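All remarks here apply to the structure that follows.
The values are calculated or read from the model by the stated rules, or taken from the named source; none is laboratory data. The structure displayed is predicted, hence computed values, not measured ones. FYI the Cβ positions are ideal-geometry reconstructions off the backbone, even for glycines, and counts take in every protein chain you see. Note: areas computed on protein heavy atoms with side chains; ligands, DNA, RNA excluded. Shrake-Rupley method; radii C 1.70, N 1.55, O 1.52, S 1.80 Å.
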Amino acid sequence: FETLTWASGLLAATNRITIFGTLHVDYVNPVFAAKQCITAHHIGSGRFGLNVVSGTPAQEMFGIVPGDHDAQYDYTEEWVTIAKRIWNETEPFDHVGEYFNLKNVIGKPKPFGGHAPMLISAGHSHRGRAFAVQHADALFTAITELRNAPEELRAARAASTDGVYVPIYGSSHLVCRPTRKEADEY
């Protein structure tokens with residue numbers, strides 16, 4: 001499913017859970033996306049969150065040639081900056097950047113309850129994690145080896161340039177077998 005429409009449907013049918021929609025920023029203009037997110041945010045009375053994705057193997061399906069990994073995050077930084085301005089600024093603004101040249105940008109209504117949608121970003125690389133702790137409200141990352149988790153989490157948090165604590169959510173795999181030996185062999 002297209003995730004913002006999906007999230008809006010779930011938000012309309014529930015009243016307590018937060019729903020995250022995912023946007024691959026390469027595919028959607030930030031002005032249009034910011035308005036879509038605020039629509040979902042109002043439908044859910046402030047319970048909508050956005051999972052921001054930079055680059056994906058599916059880029060070619062959309063006619064986009066995959067670019068430099070780190071440059072993808074430069075693009076996403078500008079995209080997110082524009083969306084946040086739309087959500088927060090009350091007067092029309094112009095934006096001239098490396099990737100976008102926008103005139104007279106304004107978004108109404110503003111976020112439900114005066115609080116912008118929560119942003120989460122999945123990042124596994126150093127650059128991806130740094131982007132999340134600098135520009136999102138939470139980082140979602142993979143933990144591949146439990147013994148490396150403390151150092152990986154410290155390194156991710158150290159990427160925060162303003163010292164703001166960013167929650168980190170992780171995924172991992174759990175292998176269940178009758179014995180530890182069988183699990184390790186698997």
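Have a look at Ala156, Ala149, Ala183 and point out the one that is under 16 Å from the mean Cα position of the chain (by Cα) and open to solvent by less than 40 Å² (accessible area, probe 1.4 Å).
Exactly one residue qualifies, and that residue is Ala156.
Quickly run through region 15-36 and pick out the residues that are open to solvent by 60 Å² or more (accessible area, probe 1.4 Å), closer than 13 Å to Met118 by Cβ and not β-branched (Val, Ile, Thr).
Phe20
Can you give me the ranges of the strands (runs of 3 or more DSSP E) entirely in region 36-109 with at least 1 residues that are of a type in the set (Val, Ile, Thr) and touching a helix residue (DSSP H, G or I) at 6+ places or on another chain (Cβ under 7 Å)? First the steps, then the outcome.
Numbers: elements: 48-53, 93-96, 101-105.
In region 36-109, 48-53, 101-105 are the strands (runs of 3 or more DSSP E) which contain 1 or more residues that are of a type in the set (Val, Ile, Thr) and touching a helix residue (DSSP H, G or I) at 6+ places or on another chain (Cβ under 7 Å).
Within region 159-175, which residues are open to solvent by less than 90 Å² (accessible area, probe 1.4 Å) and touching a helix residue (DSSP H, G or I) at 6+ places or on another chain (Cβ under 7 Å)?
Ala159, Ser160, Val166, Ile168, Val175
In this structure, does Ile82 turn out to be over 18 Å from Leu4 (Cα atoms), among the β-branched types (Val, Ile, Thr) and buried (at least 17 other Cβ atoms within 10 Å of the Cβ)?
On the way: over 18 Å from Leu4 (Cα atoms): yes; among the β-branched types (Val, Ile, Thr): yes; buried (at least 17 other Cβ atoms within 10 Å of the Cβ): yes.
Spelling it out, Ile82 is indeed over 18 Å from Leu4 (Cα atoms), among the β-branched types (Val, Ile, Thr) and buried (at least 17 other Cβ atoms within 10 Å of the Cβ).
Per-residue answers, yes or no, for (1) of a type outside the set (A, V, I, L, M); (2) in contact with a Cys (Cβ under 7 Å, 6 or more places away or on another chain); (3) free of Cβ contacts under 8 Å to residues at least 24 places away in the same chain:
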site: Phe32; (1), (2), (3): yes, no, yes
site: Ile38; (1), (2), (3): no, no, no
site: Gly44; (1), (2), (3): yes, no, no
site: Tyr75; (1), (2), (3): yes, no, no
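Please work out which one of (1) touching a strand residue (DSSP E or B) at 6+ places or on another chain (Cβ under 7 Å); (2) free of Cβ contacts under 8 Å to residues at least 40 places away in the same chain; (3) not basic (Lys, Arg) is the condition Phe131 fails and give its number.
(2)
Hey, can you tell me all the residues within region 110-129 that are of a type in the set (Gly, Ala, Ser) and either part of a strand (DSSP E or B) or open to solvent by less than 10 Å² (accessible area, probe 1.4 Å) (or both)?
Matches in region 110-129: Ser121, Ala122, Gly123, Gly128.
Kindly evaluate Phe93 against the criterion of being of a type in the set (Phe, Trp, Tyr), free of Cβ contacts under 8 Å to residues at least 40 places away in the same chain and either open to solvent by less than 30 Å² (accessible area, probe 1.4 Å) or farther than 30 Å from Gly44 by Cβ (or both). Steps first, answer last, please.
On the way: of a type in the set (Phe, Trp, Tyr): yes; free of Cβ contacts under 8 Å to residues at least 40 places away in the same chain: yes; either open to solvent by less than 30 Å² (accessible area, probe 1.4 Å) or farther than 30 Å from Gly44 by Cβ (or both): yes.
Taking the combined requirement at face value, the residue satisfies it.
Please determine whether any residue of region 133-145 is within 16 Å of the chain's Cα centre (by Cα), surrounded by 10 or more Cβ atoms within 10 Å (Cβ to Cβ) and either among the basic types (Lys, Arg) or assigned to a loop (DSSP other than H, G, I, E, B) (or both).
Yes, the conditions are met somewhere in region 133-145.
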